[in-house]
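None of the figures in this text is laboratory data; all of them are computed from the coordinates on show. All values reported here derive from a predicted model rather than from experimental measurement. Cβ: placed from backbone, ideal geometry, glycine included. Neighbour counts: every protein chain shown.
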Amino acid sequence: MHLTSTNGRTSMDMNAVREISLTINAAHLFVYFIPEAPEEAARLGVTEVGPAYFAFRSAPMGPVPWQVALAAFYNFSPRSVQAMTGVWDAATPQQWQAARFAAVERALQRVDVKLPADQIAEARSLIDPVVARADYAGKTMAAANASLPLPSDPLVALWQRITVLREWRGDAHFTVLAAHGIGPCDCNVLQTATGHFPEAIARATRLWNDEEVAAATTRLAARGWITANGTATNAGITAREQIETETDEHCAALWTLLGDANVRRLTSLVLPIHDAFTAAGTYPFHVDTGAMR
């Protein structure tokens, strides 16, 4: 499958787009599972996981109220995000961002990522133009992260560039979900039903209650996507893949600047970040990457 860019200059191999998207996500993901993150949050006076998560992730937007964070995150319940109330009293967004970078740097050193200086520089030479020329219209989280000054550590700086593009795809994904009338709770139920997100983690972090999950299940069942007991149907599996495909089509515009060969090179350059954290036993579930798909 190929997509021609809107400016007509080039066409992208959509397999390469999917692979870089999955690998970018995998290279970013460790920040939510490392012990260094709650340790740094505790130094700022916040010991609860939920409020610390939202403070770390919202910090690039500045001292926004929880309602703004809820709008940017889409698939979390209001009650889960409301728990962040007070985090800006504990520390400023700038302090939270510095703490996040400190946690990332410590974790990268702990797992000993095998990415030498010349390869970090090469990855930056590929990813920086993508970040610089991306269209951030409607991409709240990506734009906020792109506005941050980069940390001094080269590998942490690369990770932050990766974070921008990870959030860019997430913002695009929410646009696709909304266009298909798939609400915040519904998309969680569909993800868990199709086996792409562990239900226990979804329920523990997104905090949708039983009544809300039941209502979402009823809506998805009416579309023929899941059964009444929450099992995905073939139509639901197809619908979920179509949503991913449409998200890839949005993301193809990011990568036309590089072309297929450079996109695949960037994929190979950042994959060792994910490999190191997987080898260290960081994740309680399998993390999909382009190389595995």
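Which shape class, rounded, prolate or oblate, goes with region 83-211 when its Cα gyration tensor gives a ≥ b ≥ c as root eigenvalues, a/c under 1.5 marks rounded, and past that a/b bigger than b/c marks prolate? Could the numbers behind the result be given before it?
Values: a/c = 1.73, a/b = 1.50, b/c = 1.16.
It is prolate, given that a/c is not under 1.5 and a/b is the larger ratio.
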Placed amide H near His180: partners under 5 Å, 5+ positions off or other chain: none
For Arg106, net neighbour charge (Lys/Arg +1, Asp/Glu -1) across residues whose Cβ lies under 15 Å away: -3
Nearest-0.05 FRET efficiency for Ala179 and Ala204, computed from C-beta distance (R0 41 Å): 0.90
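Run through every distinct alpha carbon pair of the chain and return the Kirkwood hydrodynamic radius in angstroms, one decimal place. It would help to have the intermediate numbers written out before the result.
Working: mean 1/r = 0.0505 Å⁻¹.
Computed over Cα pairs of the chain, the Kirkwood hydrodynamic radius comes out at 19.8 Å.
Give me the extension gain from His196 to Val49: residue separation times 0.36 nm, minus the current Cα-Cα distance, reported in nm with one decimal. Working shown, then result.
Values: separation 147, 0.36 × 147 = 52.92 nm, distance 2.26 nm.
Difference between extended and current length: 50.7 nm.
What does the charge dipole of the chain about its Cα centre add up to, to the nearest 20 debye, if the Cβ of each Lys and Arg holds +1 and the Cβ of each Asp and Glu holds -1? Please list the in-between numbers first.
On the way: 23 positive and 29 negative charges, 35 e Å.
Dipole about the Cα centre, nearest 20: 160 debye.
Sort the following peptides by mean Cβ neighbour count (other Cβ atoms within 10 Å, averaged over residues), highest first: 190-196, 230-236. Mind showing how you got there, number by number?
Details: 190-196: 18.7, 230-236: 15.4.
In descending order of packing, they fall as 190-196, 230-236.
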Proximal charge balance of Ala214 [Cβ under 13 Å; K/R count +1, D/E count -1]: -2
Backbone N within region 117-152 under 17 Å of label point (7 Å from Asn15 Cα along the Cβ vector): none
Rounded if a/c under 1.5, otherwise prolate or oblate - region 91-150, Cα gyration tensor axes: oblate
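Would you kindly state how much longer the chain becomes between Lys114 and Ser268 on full extension, computed as 0.36 nm times their sequence separation minus their alpha carbon distance, in nm to one decimal? Please list the in-between numbers first.
Working: separation 154, 0.36 × 154 = 55.44 nm, distance 1.21 nm.
Length difference between fully extended and current span is 54.2 nm.
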Estimated FRET transfer efficiency when R0 is 25 angstrom, pair Phe33-Ser152 (beta carbons, to 0.05): 0.55
